[in-house]
1. Given the DSSP H assignment, sum -39500 (n - 2.57) over each helix run of at least 4 residues in the chain and divide by its residue total; what's the result at 222 nm in deg cm²/dmol, nearest 500?
2. Have a look at the DSSP beta bridges in the chain and tell me what percent are antiparallel, nearest 5.
3. Distance cut-off 20 Å, Cα to Cα: go down the list LYS109/LYS258; LYS67/LYS223; LYS45/LYS134; LYS24/LYS72 and report the pairs above it.
4. Charges at C-beta only: +1 for Lys and Arg, -1 for Asp and Glu. How large is the resulting dipole of the chain about its Cα centre, in Debye rounded to 20?
5. Which of the helices in the chain, when you take each full DSSP H run, stretch at least 15 Å along the axis at their Cα atoms and have an average Kyte-Doolittle score of -1.0 or higher?
6. Quick one: Debye curve from the C-alpha atoms of the range 95-164, no solvent, what's log10 I(q)/I(0) at q = 0.17, 0.22, 0.25 Å⁻¹?
7. In nm, to one decimal, how far is the SER4 label point from the TYR28 one, both placed 7 Å along Cα→Cβ?
8. Go through ALA97, SER135, GLN205 and say which Cα lies farthest out towards the positive end of the charge dipole of the chain; charges sit on Cβ, +1 for Lys and Arg, -1 for Asp and Glu.
Amino acid sequence: MHKSDILDPDRITAGLNTKYIGSKIIVYKSTSSTQAIAAEYAKNKANNGLVVFAEEQTSGRGRASNKWLTGKSDSLICSVVLTSCGIRPELLSLVYAVAVAETIGEDAKIKWPNDIILNGKKVAGILLEAKSHKSHIAYIVGIGINCHQKKKDFSAELQKAATSIDIETGSFADRILLAKRVLASVEHWLKTGEKTAAKVIDKWQELSIQLHHRVAVIYNRRKFTGNCIGIDPEKGLIVQLDTGSVRFFDAAHTTIAKMP
Ligand code: BTN
């Protein structure tokens, strides 16, 4: 690990130009999951914008009950607490996908609903969880960006599908810089989404690897194929099926499958 890359709250905060995302930053050397810690903070409405980072997670969680495995200090791992959110929760998933893709750089793309893809492989994932409290609904948004993994760090199966910023750029990613960028970008896209949902949807569509391409999805254990013709924040992926009809596939019940 390069010394300059150690996550340090003061270094992340220095020059951070945000109003509330990152207003409080907590860094763990090791924790089970930043989602669990952030969920505790999210019980208090005053913690809007608080961010929990970790160098290491021992029980990192991914979407659909998957594990999210990382090595010590090889990723940018954080969970953002939102306790008063002015945008529809459905749009939140798109906001974060756009913000994380923008953080990684102009070659980063989005695979619906919110996998971030770099040169055809997954480089980052986003986990959106909501908890209802007496005074507020809290959204806890977990972000995991692969930074310093080498090819051999991924299992043989994952090597085909996963990558890291270092692998793709050939240089050592600066996690402090990425942390600053992701917080600023999240705040920017949250504000944008509060004013105009269409701007977020347009940006999401611009970054989508699926829009206007053939897709195969599994919905309630059935496979559907067709052309992706759009995205609706509430109803999900819009697909013109090979059978001719147009169908919506919501993120909660749909997974993207390999094209036959
Ligand atoms: C996915 O399956 O693509 C989502 C992965 C989300 C991983 C992040 S890492 C920080 C936060 N803590 C967790 O346990 N998971 C999320």
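Bear in mind these aren't lab numbers, they're just calculated from the coordinates by the rules spelled out. Note that the structure is a prediction, hence the values are computed from the model and not measured. Backbone-built Cβ (ideal geometry, glycine too); neighbour counts: all protein chains shown.
1. Details: 7 runs with 70 residues, N = 260.
Mean residue ellipticity, 222 nm, calculated: -8000 deg cm²/dmol.
2. 90 percent
3. From the list (LYS109/LYS258; LYS67/LYS223; LYS45/LYS134; LYS24/LYS72), the Cα-Cα distance tops 20 Å for LYS67/LYS223; LYS24/LYS72.
4. Dipole size: approximately 540 debye.
5. Answer set is 89-104, 175-195, 197-207.
6. -0.64, -0.91, -1.07
7. 2.9 nm
8. Farthest towards the positive pole: SER135.
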